[in-house]
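K.L.:
Shown below is the structure under consideration.
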Amino acid sequence: MRRIATALVLVPFLVWVVLGAPEWVFVAVLVAVGLVAHHEFDGIAAAHGIGRSGLTGMVAGLILLFAPNTEAAIALIAVAAMTLALRCRDFRQALPSAAVLVLGVVYIFGAWRYARGLRAIDPHWLMIALLVSWAGDTAAYYVGRAWGRHKMSPYISPGKTWEGAVGSVAGGVLAASIYAHFLIPSSPVPLVATLAAVANIAGQTGDLCESALKRGAGLKDSGTTLPGHGGWLDRIDSTLFSVPVVYAGVKILALY
C-alpha cells in the first residue's frame, strides 16, 4: 500500500516537472534527486569498504551537469579524483576511491545531463525515456507473477524472470509507441518502438547493475527516503541507463 501511495504522489509530480514546469524547477529537481542518489551511491561504496567521495563527488557531479563541454568536464573530474586519492593513508584505497568518485559522478549526473538535453530537444522525448521504464516495470511485475518460471539472474535479483523481462520490453514498447503516435507524430512509430525496446533493455540492465552493487554491499535498498520503494537510487537506476540511450537514438536517427 505504501508503494502505491508513493507512486500516486510521485508520478503526477514528475510528469508535471518534465512536461509543464519552468526550466528552473526541472533543473532544481534534477539537482536534488541527483544529490540524494549520489549520497546513496556513496553509502553503497562505503558498505564495500571504499571511502565516500562525499561533498567532493557532489560538487564534481554539479560541474558535470552544468559544464559547457562534457568531455572536458569528465577529463578534469578524473584528474581531480586521481589527485585527491593521494590523500589516502592506505594507498591500497587510492585506486578504488578515485574510481568510485568518477563512477558515481558519471553514472548519475552524466545521465542527468542527457535528461537536460532530451528536454531541450522535446520534453516528450524525455517522457518516453521515463515511460519505457515505468510501463516496463509494471508489465514485468504482472507478467512475472502470472507466467514467470525461468529465473533471469538468481544470484543478483532472485525475483526477476525472463518472462517478466519480455513483458517489460513489450510494455515499454507499447506505451512509448502509443505516446509517440499522439504526442510526437513526426516520428515514425516503428523507429520509436525500436528505440523504446533498446532503451527498456538498457533500463533493465541498469536495474540489475544497481542490484549487483547492493548485493555485494549486503544491502537490500540504497536508502529509505521513498516509503515502499527504498531510496531514490532504487527508483532511478533503470532511468539512468535508459535516458542516455534515448538521447543517443534521437540524435543518431534525427527524431526531432
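K.L.:
Out of the residues in the range 64-78 meeting the condition of being touching a helix residue (DSSP H, G or I) at 6+ places or on another chain (Cβ under 6 Å) and farther than 16 Å from residue 117 by Cβ, tell me which one is surrounded by the most Cβ atoms within 10 Å (Cβ to Cβ). Let's see the steps before the verdict.
P.N.:
Going through the range 64-78, the residues touching a helix residue (DSSP H, G or I) at 6+ places or on another chain (Cβ under 6 Å) turn out to be 64-65, 67, 73, 77-78.
Retained after the next criterion (residues that are farther than 16 Å from residue 117 by Cβ): 77-78.
Values: 77: 23, 78: 17.
Looking at the filtered set, the residue picked out is 77.
K.L.:
What about residue 156, is it among the hydrophobic types (A, V, I, L, M, F, W, C), crowded, with 21+ Cβ neighbours inside 10 Å and touching a residue at least 24 places away in the same chain (Cβ under 8 Å)? Before you say what the answer is, go through the steps one by one.
P.N.:
Numbers: among the hydrophobic types (A, V, I, L, M, F, W, C): yes; crowded, with 21+ Cβ neighbours inside 10 Å: no; touching a residue at least 24 places away in the same chain (Cβ under 8 Å): yes.
No, not satisfied.
K.L.:
Output the number of the condition that residue 247 fails; it satisfies all remaining conditions of (1) of a type outside the set (Asp, Glu); (2) surrounded by fewer than 20 Cβ atoms within 10 Å (Cβ to Cβ); (3) in contact with a helix residue (DSSP H, G or I) (Cβ under 8 Å, 6 or more places away or on another chain).
P.N.:
Against the list (1) of a type outside the set (Asp, Glu); (2) surrounded by fewer than 20 Cβ atoms within 10 Å (Cβ to Cβ); (3) in contact with a helix residue (DSSP H, G or I) (Cβ under 8 Å, 6 or more places away or on another chain), residue 247 comes up short only on (2).
K.L.:
Next question. With respect to residue 211, is the statement that it is crowded, with 23+ Cβ neighbours inside 10 Å, farther than 22 Å from residue 255 by Cβ and touching a residue at least 40 places away in the same chain (Cβ under 8 Å) true?
P.N.:
Working: crowded, with 23+ Cβ neighbours inside 10 Å: no; farther than 22 Å from residue 255 by Cβ: yes; touching a residue at least 40 places away in the same chain (Cβ under 8 Å): yes.
For residue 211, the condition - crowded, with 23+ Cβ neighbours inside 10 Å, farther than 22 Å from residue 255 by Cβ and touching a residue at least 40 places away in the same chain (Cβ under 8 Å) - is not met.
K.L.:
Further question on the same structure: Taking helices (runs of 4 or more DSSP H) that fall entirely within the range 71-170, which contain at least 1 residues that are among the polar types (S, T, N, Q) and more than 30 Å from residue 49 (Cβ to Cβ)? Break it down stepwise before answering.
P.N.:
Numbers: elements: 94-105, 111-121, 123-147.
Because the criterion is at least 1 residues that are among the polar types (S, T, N, Q) and more than 30 Å from residue 49 (Cβ to Cβ), the helices (runs of 4 or more DSSP H) in the range 71-170 that meet it are 123-147.
K.L.:
Return the total of residues in the range 1-35 being part of a loop (DSSP other than H, G, I, E, B) and either among the small types (Gly, Ala, Ser) or modelled with pLDDT of 95 or more (or both). Please lay out each step first, then the result.
P.N.:
Here is the first cut: in the range 1-35, the residues part of a loop (DSSP other than H, G, I, E, B) are 1, 20-22.
Imposing the further condition that a residue be either among the small types (Gly, Ala, Ser) or modelled with pLDDT of 95 or more (or both) reduces the set to 20-22.
The total comes to 3.
K.L.:
Say whether the condition of being within 14 Å of the chain's Cα centre (by Cα), over 14 Å from residue 125 (Cα atoms) and of a type outside the set (D, E, K, R) is met by at least one residue in the range 216-231. First the steps, then the outcome.
P.N.:
Start the filter on the range 216-231 by keeping residues that are within 14 Å of the chain's Cα centre (by Cα), which leaves 222, 231.
Of the ones still in play, those that are also over 14 Å from residue 125 (Cα atoms) are 222, 231.
If we keep only those that are of a type outside the set (D, E, K, R) as well, we get 222, 231.
Yes, there is a match, as at least one residue in the range 216-231 is within 14 Å of the chain's Cα centre (by Cα), over 14 Å from residue 125 (Cα atoms) and of a type outside the set (D, E, K, R).
K.L.:
What are the residue pairs meeting all of these: first residue in the range 11-38, first residue over 25 Å from residue 213 (Cβ atoms), second residue modelled with pLDDT under 95 and assigned to a helix (DSSP H, G or I), Cβ atoms under 8 Å, and 6 or more apart or on different chains?
P.N.:
Hits for this filter: 11/134.
K.L.:
With the condition kept exactly as written, say whether any residue in the range 105-112 is at negative phi, exposed (fewer than 12 other Cβ atoms within 10 Å of the Cβ) and in contact (Cβ under 8 Å) with a residue 12 or more places away in the chain. Steps first, answer last, please.
P.N.:
Filtering the range 105-112 for residues at negative phi gives 105-112.
Subset that is exposed (fewer than 12 other Cβ atoms within 10 Å of the Cβ): none.
Within the range 105-112 (the criterion being at negative phi, exposed (fewer than 12 other Cβ atoms within 10 Å of the Cβ) and in contact (Cβ under 8 Å) with a residue 12 or more places away in the chain), the answer is no, since none of the residues qualifies.
K.L.:
Among the residues of the range 44-53, write down those that are surrounded by fewer than 18 Cβ atoms within 10 Å (Cβ to Cβ) and either under 16 Å from the mean Cα position of the chain (by Cα) or part of a helix (DSSP H, G or I) (or both).
P.N.:
46, 47
K.L.:
How many residues are modelled with pLDDT of 95 or more, small (Gly, Ala, Ser) and either closer than 16 Å to residue 140 by Cα or surrounded by fewer than 21 Cβ atoms within 10 Å (Cβ to Cβ) (or both) when one looks only at the range 178-200?
P.N.:
So the answer is 4.
The values are calculated or read from the model by the stated rules, or taken from the named source; none is laboratory data. A quick note: this is a predicted structure, and the numbers were derived from the prediction, not measured. Cβ sites come from the backbone with ideal geometry, for glycine too, and all protein chains shown count toward neighbours.
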